[in-house]
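This report refers to the structure that appears directly beneath it.
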Amino acid sequence: MQQPGRMMDRPLLVSAILEHGTAQFGAQQIVSRETDGSLHRYTFTDLAARARQLANALQALGLKAGSTVGSIAWNNHRHLEAYYAVSGSGMVMHTCNPRLHPEQLAYIINHADDEVVLFDTSFAPLVKAVAAHCPRVRHWVALCGETDLPTLEGGPAVLAVDRLIQAQSDRFEWPELDEKTGAALCYTSGTTGHPKGVLYSHRALCLSALSACLPGVLSLWAQETLLPVVPMFHINAWCLPYAALISGAKLVLPGPRLDPASLYELMESERVTVSAGVPTIWMGLIQHVEQHQLRFSTMRRTGVGGSAMPKALIAKFNDVYGVDVRHGWGMTETTAIATMSNLGPDEMARPAEERHTLVGKQGKSVFGIEIKVVDENGTTLPRDGVSQGELMVRGQWIVERYHKAERSALVEGWFPTGDIATIDAQGVMQIRDRTKDVIKSGGEWISSIDLENAAVAHPAVAMAAVIGVKHPRWDERPLMFIVLKPGQELSKQQVLDFLTERVAKWWLPDEVLFVDSLPLGGTGKVQKNELRHQHGGVFEGR
Ligand code: AMP
């Protein structure tokens, strides 16, 4: 007969992260770029005091456990205070993506039942545009001091958060919640239809944040300085605002200044050792560093995900700048990081070229997460690195159903990701495409990601995107868009010649279009839908 474990049953709670961080690393710093560009500096202890004041203030406004509080904000200290105050007191922190279309923004605020919305002053015009469409929001609170309070002529009345918390006590008894209680809410980017909400539990956030600290993931401890470029409105900034307080790492928040020059300057001045963000950010940063012949004096590693990190960029970070790239995969539905490159000694001993190829894959599932790939009938495919099918995922911090959905999103206990992947015998997963992005030519799959990676390896290419467009004979053929680096020139033939050495001949794009920029979505990913919309008919009738 099984024996019951005789251990305490203590819940995993967001408030416990704050109290842990304060008790163990109270003097650790948080540096935050404010909306006006200035740097704000305080400690974990100061953060906790203001978070408790905000929890009291929200209670005074009549909010209760289970209420939802929206935020439209950058990565900054007041947003961080809200993260802890709202979730800690049993409410739901709903982070809104400010790059959503105002209609979609209003939709998610209403769908989430936000009673209060916290916003950065830079988003005042957006608030003015959506407020009239969000009748259930009782208070619009600007994340600023009284003197910076914007007036929204013809818009809603606005309170300044600093004023709101001023008279409040910095003591607050965090409720002892069930760890399965909803703590944070984030909506998918929603390329089709309405965005769908994912309601994260305290347990999911804590476990995912703990996992992010592991040596095989981002290696966080009290000697690191962490700069999450990934926005706090996009999957909880990969849970890094929690991971910093769990590990005791100094936290640097970049605010609205995400341009390469500002990021580089902040990394250097605050002696940042670890960062995290999407590849487009790193492409820009490397270009800046190269152009100005700079070096990273303290940066040791960077977490990358959200879209595939090109091998050429991995090589550059690693070989030229000594920055270790940790390439992971995750989605809104997986709370944060679900897989991560984690090379063993044999793999590390391989030539640089092979190592970079491995890191270019999306890695192994971290403990707590399981992955598999299945064919159209749902049959599990072998882990041979070749058989590709839909990636399925299950685990401690994976969505079960979307917010307010009546039906589970799972298929036989697994979440279907919509990504097409392979997994090899060592468990290394490689994303080959999104189901909707994959190009099927003559019945065979062409990976848009592989083609893009191959093109970005060209020294004159800044960005590349590939979409499948209808073709009368082959069903679909690849169309490539290229953004050149400043001052560079390249012909279609030169691109094709370069690609010929890197991909199968039948993968070569039928057309290469040079463009000034690519449409980027709210989370820095190329909006392929937009490209398809504009250019989908290119080969029709050929
Ligand atoms: P989102 O929910 O907006 O974060 O988007 C999640 C999607 O981004 C995933 O389903 C993948 O299609 C894509 N994605 C995330 N990380 C990677 C990666 N490392 N490589 C390729 N695609 C990725």
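Tell me, how many Å apart are the Cα centres for segment 284-298 and for segment 238-282? Answer, in whole Å: 16. Relative to the Cα centre, the charge distribution of segment 439-535, modelled as +1 at Lys and Arg Cβ and -1 at Asp and Glu Cβ, gives a dipole magnitude of about 180 debye.
What fraction of the Cα pairs in segment 365-471, stated in percent, has a spacing above 18 angstrom?
58
Only helices enter this figure: runs of n ≥ 4 DSSP H residues, each worth -39500 (n - 2.57), summed and divided by the residues of the chain, yield -8500 deg cm²/dmol at 222 nm to the nearest 500. Residue order by solvent-accessible surface for K361, K180 is K180, K361, largest first, with ligands and nucleic acids left out and a 1.4 Å probe.
For segment 152-165, putting each phi into the Karplus relation 6.51 cos²θ - 1.76 cosθ + 1.60 with θ = phi - 60° gives couplings of 9, 4, x, x, x, 5, 10, 10, 9, 4, 5, 5, 4, 8 Hz, in residue order, rounded to whole numbers and with x for Gly and Pro. You can think of it this way: the chain between D475 and N110 has 127.3 nm of extra reach, that is 0.36 nm per residue less the Cα-Cα gap.
On a per residue basis, segment 439-535 carries 48 Å² of accessible surface, using protein heavy atoms and a 1.4 Å probe. Estimated from the Cβ-Cβ distance and a Förster radius of 60 angstrom, the FRET efficiency linking E354 and R41 is about 0.90.
Counting only DSSP beta bridges whose two residues both lie in the chain, roughly 55 percent are antiparallel.
Measuring between their Cα centroids, segment 115-154 and segment 1-79 lie 22 Å from each other. Here's how it looks for M232: its modeled amide H is under 5 Å from those of N75, which are all 5 or more places away or on a different chain. Per-residue accessible area (protein heavy atoms, 1.4 Å probe) orders H101, H40 as H101, H40, starting from the largest. Which aspartates and glutamates does K361 reach when only Cα atoms under 15 Å apart count, and residues fewer than 8 places away in its own chain are ignored? Straight-line reach from K361, under 15 Å: D324, E347, E353, D384, D419, D424, D433, D450, E452. The separation of segment 309-361 from segment 82-114, counted between C-alpha centres, amounts to 33 Å. Residues whose amide H falls under 5 Å from that of V323, counting only those 5 or more places apart or on a different chain, are N318, with hydrogens built in the peptide plane. Relative to the 2.2 N^0.38 Å rule of thumb, segment 23-66 has a C-alpha radius of gyration ratio of 1.46. Positive end of the charge dipole of segment 439-535 (Lys, Arg +1 and Asp, Glu -1 on Cβ, about the Cα centre): tell me which of F514, S441, Q494 has its Cα farthest that way. The Cα lying farthest towards the positive end belongs to S441. For the chain, a crude dipole built from +1 on the beta carbon of Lys and Arg and -1 on the beta carbon of Asp and Glu, taken about the Cα centre, is about 280 debye to the nearest 20. Every pair of different Cα atoms in segment 439-535 enters the Kirkwood calculation, which places the hydrodynamic radius at 13.6 Å.
Taking amide H positions as placed in the peptide plane 1.01 Å from N, state which residues far from Q168 in sequence (5 or more) or on other chains have amide H under 5 Å from it. Here the answer is none, since no amide H 5 or more places off falls under 5 Å of that of Q168. Split the accessible area of the chain by element, probe 1.4 Å, and carbon with sulfur accounts for 50%.
With a threshold of 21 Å on the Cα-Cα distance, the over-threshold entries among K364/K404; K196/K525; K316/K505; K180/K404; K485/K525; K64/K404 are K364/K404; K316/K505.
Applying 1/(1 + (r/R0)^6) with r as the Cβ-Cβ distance of D170 and D259 and R0 = 51 angstrom yields a FRET efficiency of 0.90. Could you run the Karplus curve 6.51 cos²θ - 1.76 cosθ + 1.60 with θ = phi - 60° over segment 70-83 and give me ³J(HN,Hα) per residue in whole Hz, x for Gly and Pro? Karplus values, whole Hz, x for Gly and Pro: x, 9, 10, 7, 7, 7, 8, 5, 6, 5, 4, 4, 5, 3. Applying a DSSP loop filter and a limit of 15 other Cβ atoms within 10 Å to the GluC sites (Glu not before Pro) in segment 173-250 leaves E173, E176. For segment 244-257, the Karplus equation 6.51 cos²θ - 1.76 cosθ + 1.60, evaluated at θ = phi - 60°, returns couplings of 4, 6, 5, 8, x, 6, 5, 10, 10, 10, x, x, x, 8 Hz by residue, with Gly and Pro reported as x.
Residue order by solvent-accessible surface for M331, M232, M7 is M7, M331, M232, largest first, with ligands and nucleic acids left out and a 1.4 Å probe. Modelled this way, with points 7 Å down the Cα-to-C-beta line, the labels at L496 and E511 are 1.4 nm from one another.
List the GluC sites (Glu not before Pro) within segment 473-518 that DSSP assigns to loop and that have no more than 13 neighbouring Cβ atoms inside 10 Å. Numbers along the way, then the final one.
Values: sites: E476, E489, E501, E511; in loops: E489, E501.
Taking segment 473-518 and a limit of 13 other Cβ atoms within 10 Å, the loop GluC sites (Glu not before Pro) found are E489, E501.
The values are calculated or read from the model by the stated rules, or taken from the named source; none is laboratory data. Everything numeric here is computed off the predicted structure, so don't read it as measured data. Every residue, glycine among them, receives a Cβ derived from its backbone with ideal geometry; neighbour counts consider all protein chains shown. Only protein heavy atoms, including side chains, enter the accessible area calculation; ligands, DNA and RNA are left aside. Shrake-Rupley method; radii C 1.70, N 1.55, O 1.52, S 1.80 Å.
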